Amino acid sequence: MERCVVALEEKIRDYLGNLGFEIYPFKVGWYNEALPPAFHLPYPDNTLAFVVVSIPAMFDKAFKPFLRNQVLKKIRDPIDQCISYHLTLVKQSLDNQQLDIMYDYEMLPNRKPRFLAQTAAHVAGAAYYYQRKDVQQDPWGEKKIYGVCIHPRYGGWFAIRALLLFPEVEVPFLLRNSPIDCVTTEEKRITLLEKFNFHWKDWSYRDIIEVKDKYSEEQKMYFATPPAERLKLLNLQE
Ligand code: B12
């Protein structure tokens, strides 16, 4: 069984790795134990799952070729279409293996997200999730402060896109990798949360650590454009 899981992981990584995605395995139980029941994933604790993140290279390696080759549906966000296109191909390549895919933008009928992307990234060891409670001397009083994940190589220049869940694969033996704590000082954590919450549009929270790669000016311009106007930016709408 352990060898089957290694082969499965390699197969998915071989496909997605060349397209600017990374995958990190985890057990559903690790995710569920961090959250109250309302957010639990409805699978047994030992179920195998992967969190899929996009890194800066995704824009050139997956998105631009996708735009050249596919007919876009005008009502859906092009990046979402690109990601679901590739993850559907991954699913097809796994023959009879049962695979459930959940996307970061999917909501349940009760308006809660289908999964909490940051908690998943943290428990899978992909990116440390810095929350208000990771700061000792909290300067924010009554304000609502959202947490943010930082990737050890790409800082904030990445996104958490999806979960891949394998309902038929149980992995009691899976070893847990802790996420790398790369924003270690109190001062830096406060700066990070301030920037993410109050200045996220200036991109600066993403550079809280030194990074290996970041979004190009072109990619920044694309993501800074409101979703409804992105097709126009790509010259795909009259
Ligand atoms: Co937003 N957003 N967002 N967002 N958003 C997401 C969080 C995400 C993950 C999207 C993605 O990558 N695909 C990224 C964050 C990436 C990262 O962390 N590096 C993201 C981003 C980038 C942004 C923006 C910068 C805009 C943008 O560029 N897209 C801004 C920045 C914030 C701001 O406005 N200044 C932004 C804004 C928003 C709004 C519109 C404000 C809302 C509300 C934000 C929020 O609630 N966090 C928003 C949403 C709704 C989401 C979304 C869809 C759901 C988040 C959510 O509802 N969380 C996610 C994608 C997703 O998750 N599917 C993206 C619910 C709350 C309750 O969860 O605060 O984490 P929580 O609380 C849980 C944990 O604390 C956990 O229990 C709590 C639940 O009970 N817990 C844990 C408790 N103890 C412990 C201990 C440990 C160790 C762990 C791991 C967990």
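In table form, for the structure just shown:
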item: Rounded percent of accessible protein surface that carbon and sulfur make up, the stretch 57-170, 1.4 Å probe; result: 47
item: Accessible surface, 1.4 Å probe, highest first, among residues K220, K201; result: K201, K220
item: Accessible area (Å², 1.4 Å probe, nearest 10) - H122; result: 50
item: The stretch 1-120 - Kirkwood radius from inverse mean 1/r over Cα pairs (Å); result: 15.8
item: Kirkwood Rh (inverse of mean 1/r, distinct Cα pairs), the chain, angstrom; result: 19.1
item: Label-point gap, in nm, between K201 and L108 - each point 7 angstrom along Cα→Cβ; result: 3.3
item: Low-density loop cleavage sites - chymotrypsin sites (Phe, Trp or Tyr not before Pro) in the stretch 130-182, where at most 14 other Cβ are within 10 Å (DSSP); result: W140, Y146, F173
item: Shape of the stretch 70-186, Cα gyration tensor, a/c cut at 1.5; result: prolate
item: Area of S216 that stays accessible when all protein chains are in place (1.4 Å probe, Å², to 10); result: 50
item: Accessible area in square angstrom per residue, the chain, 1.4 angstrom probe; result: 54
item: Residues with amide H under 5 Å from that of Y130, placed H, sequence gap 5 or more; result: V148, C149, I150
item: Square roots of 5 times each gyration tensor eigenvalue, C-alpha, the stretch 151-238, largest first, Å; result: 29, 24, 11
item: Check: the chain dipole with +1 on Lys, Arg Cβ and -1 on Asp, Glu Cβ, in debye; result: 560
item: Solvent accessible area, Å² - I208, 1.4 Å probe, full protein context; result: 20
item: Dipole-positive endmost among L174, A57, A228 within the chain (Cβ charges, Cα centre); result: A228
item: Positive-pole candidate from T184, I150, V123, dipole of the chain, charges at beta carbon; result: I150
item: When each of K112/K188; K144/K195; K188/K212; K112/K144; K143/K201 is checked by Cα-Cα distance, pairs over 21 Å; result: K112/K188
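The values are calculated or read from the model by the stated rules, or taken from the named source; none is laboratory data. Owing to the predicted nature of the structure, the values given are computational and were not obtained by experimental measurement. In this analysis, Cβ positions are derived from the backbone assuming ideal geometry, glycine residues included, and neighbour counts consider all displayed protein chains. Accessible surface areas use protein heavy atoms only, side chains included; no ligands, DNA or RNA. Shrake-Rupley method; radii C 1.70, N 1.55, O 1.52, S 1.80 Å.
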